[in-house]
Amino acid sequence: MSVIYVCCEGITDVGVLVAFIEKCSTVKAICKTHNELKNIKVRNLNLSRKDKYKDERINRKAYLRRIAYLANENGASLIGYHQDAGRSYARVYRDINNDLSEFREKGYGCIAIVPKEMIESWILADEQAYENMFGKTPDNPALPKKPEEMWGQKENKDSNYPKNVMTRVLQQYIVIQNREVYAEIAENSNIEKVLVRCPKSFARFVNDMKMIESTESI
């Protein structure tokens, strides 16, 4: 079985990414957060003096060097980088792929994982996942029909900012947001339903996963 090592933004993203990667492919996913990757010492990365200097400031390329190092150390050749789009989907997807180009040249299979606008958009797509976990509710608020298009002021708890919508949905079930709940929602979500509700970023993610999975098997 192929394995992909993924750098993800935060701890609540880990289970969601593992679930969706493994539901849409035969690839096993191992996700590491920014904080976890920061703990990898630069001296262990076997970098040139020039790259070590660059690595003193942790940025996307530094995280990519670390995730590629972990993949290589464990005999894997697939790597991914997750970042929420935050209203800049095309730019973020392009920029991550540009940063991944040097790793493709080194033989890695690479994927940019960019939810539009946040990973909450993907786990707000399938009502059945919530019914499976919590049972029937009045659906007030109901899940958004176009979760990728949600946006609003973060400071306004009644806005359509994705995390705020997620909070209000989970409050129906007297449940708070945490890594376990996020992961379970993703595990219960139907891939085809998420594709319908998130046709831009989730469809691209599924297609990109299939692409690197197929190249791995050649």
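No lab work stands behind these numbers, since they all come straight from the coordinates. All values reported here derive from a predicted model rather than from experimental measurement. No Cβ is skipped: glycine too gets one built from the backbone with ideal geometry, and neighbour counts run over all protein chains shown.
Placing unit charges on the Cβ atoms of the charged side chains and taking the dipole of the chain about its Cα centre, the candidate lying farthest along the positive direction among 100, 191, 134 is 100. Rounded to the nearest 20, the Cβ-based charge dipole of the chain about its Cα centre (Lys and Arg +1, Asp and Glu -1) stands at 900 debye.
Principal axis extents of the Cα atoms in the range 63-218, from largest to smallest and rounded to whole angstrom, are 52, 30, 26.
Among the listed pairs 157/200; 28/146; 23/200; 23/193; 41/61, those with a Cα-Cα distance over 21 Å are 157/200; 28/146. Near residue 203, once Lys and Arg are set to +1 and Asp and Glu to -1 for all other residues with Cβ below 13 Å from its Cβ, the sum equals +3.
Label sites at residue 211 and residue 22, each approximated as a point 7 angstrom past Cα along Cα to Cβ, lie 2.6 nm apart.
Taking the Cα centre of the range 53-177 as origin and assigning +1 to Lys and Arg Cβ atoms and -1 to Asp and Glu Cβ atoms, the resulting dipole is close to 360 debye. Near residue 118, once Lys and Arg are set to +1 and Asp and Glu to -1 for all other residues with Cβ below 9 Å from its Cβ, the sum equals -1. The residue 98 and residue 156 beta-carbon pair, evaluated with R₀ = 30 Å, returns a calculated FRET efficiency of approximately 0.30. Each Lys and Arg contributes +1 and each Asp and Glu -1, all at the Cβ; summed about the Cα centre of the range 119-195, the dipole is approximately 240 debye.
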